[in-house]
Amino acid sequence: MITLYGWGPMFGCPSPSPFVMKADIQLQMLGVEFTRAIADLESVPKHKAPYVIDDGQLIEDSNFIRNHYEAKLGKGLYDGMSGKEIALSWALERMAEGQLAKIMAYERWMKDDNFNKGPAHFFSDVPEPARPAVLKEVRDGVSMTHIGEGTGRFTEAERMKLADWDISTISLQLDDQDYLLGDQPTCADAAVAAVLISCATEFFDTPLTGLIRKHANLPAYIDRMKARYFDHVTWPEWPMPEPVPA
Ligand SMILES: N[C@@H](CCC(=O)N[C@@H](CS)C(=O)NCC(=O)O)C(=O)O
């Protein structure tokens, strides 16, 4: 029995987390049969999703989930790729997750309107009157993380310039192909498309949507990946709690 723990459709995306989407796609690419369940972050040492429980064994982090099944199945998502394709694939993945995903998270967590209609809902089960203090503490923590790793030290214009360079690079690599490395999806698509889906959602008010839309090939690529990997997917109910009073 294999279960992927994360969260299902939210914020106009198949998951609020690009890493949950990536793990889901990569498990599908590897041909793993699995079920999906809502994550309990308090129950796992890293306090992050995605994680998988495979016959009682816990595997945390999307990269280690992939690694676990590649070792178990004796086949890998790089099989058949040249050294240069592997290097390109990993570089694209690291770029999308290492910088663009952080800018996307900043847009959701640090802009008041986006936070209130998005991530704030994760804490709606915190009883009043403690909720405002909890929200402030969590958000302050996220802000410190952004400042610590650098994203929070840029101006809005600088952040969007950095995002633009990443998004434009992905568009150039995609060119007129269906997928990043050709006519078949690879593990690079799992990671990169997951971050693009998260940036492109119209649910949030962010310049990232326009930075994606200005490239004719990206919206179609995002739709292609969503249709291929998520149209058939169902998650258990995780009702979105009532909006948090401002
Ligand atoms: N490197 C991890 C990143 C996972 C991650 O950052 N997950 C976020 C959701 S997008 C999370 O669980 N955050 C909860 C928290 O930080 O408290 C992976 O690839 O799985």
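Scanning region 32-76 for residues that are farther than 25 Å from PRO9 by Cα, assigned to a helix (DSSP H, G or I) and away from the ligand (no atom under 12 Å from the Cβ) yields HIS68, GLU70, ALA71, LYS72, LEU73. Given the structure, is LEU100 assigned by TED's automatic domain parsing to the domain that holds LEU172 and either closer than 30 Å to PHE154 by Cβ or within 15 Å of the ligand (Cβ to nearest atom) (or both)? Yes. Residues that are among the acidic types (Asp, Glu) and assigned by TED's automatic domain parsing to the domain that holds VAL126 number at least 1 in the following helices (runs of 4 or more DSSP H) confined to region 148-246: 156-174, 187-200, 217-230.
Of all residues in region 169-219, those satisfying the criterion of being in contact with a helix residue (DSSP H, G or I) (Cβ under 8 Å, 6 or more places away or on another chain) and small (Gly, Ala, Ser) are SER171, ALA188, ALA190, ALA191, ALA193, ALA194, SER198, ALA200.
Looking across PRO14, PRO45, one residue alone is in contact (Cβ under 8 Å) with a residue 24 or more places away in the chain and under 24 Å from TRP109 (Cα atoms). It is PRO14. For beta carbons closer than 6 Å, sequence separation of 6+ or different chains, a first residue in region 106-118 that is on the phi < 0 side of the Ramachandran plot and free of Cβ contacts under 8 Å to residues at least 60 places away in the same chain and a second that is of a type in the set (Ser, Thr, Tyr) and part of a helix (DSSP H, G or I), the qualifying pairs are TYR106/THR151. I'm trying to understand the selection: among the residues of region 17-31, which are in a loop (DSSP other than H, G, I, E, B) and near the ligand (Cβ under 7 Å from one of its atoms)? Correct list: SER17 only. SER89 meets all of the listed conditions (1) in contact with a Leu (Cβ under 8 Å, 6 or more places away or on another chain); (2) within 15 Å of the ligand (Cβ to nearest atom); (3) more than 20 Å from THR201 (Cα to Cα) but one, namely (2). Residue selection: PHE34 satisfies the criterion of being under 23 Å from VAL192 (Cβ atoms), over 18 Å from the mean Cα position of the chain (by Cα) and of a type outside the set (Val, Ile, Thr). Only one entry of PRO245, PRO241, PRO207 meets the criterion of being modelled with pLDDT under 95 and surrounded by 13 or more Cβ atoms within 10 Å (Cβ to Cβ), and that entry is PRO241.
The values are calculated or read from the model by the stated rules, or taken from the named source; none is laboratory data. The structure presented is a predicted model; accordingly, all values stated were derived computationally and were not measured. Here Cβ is always computed from backbone atoms with ideal geometry, including for glycine, and neighbour counts include all displayed protein chains.
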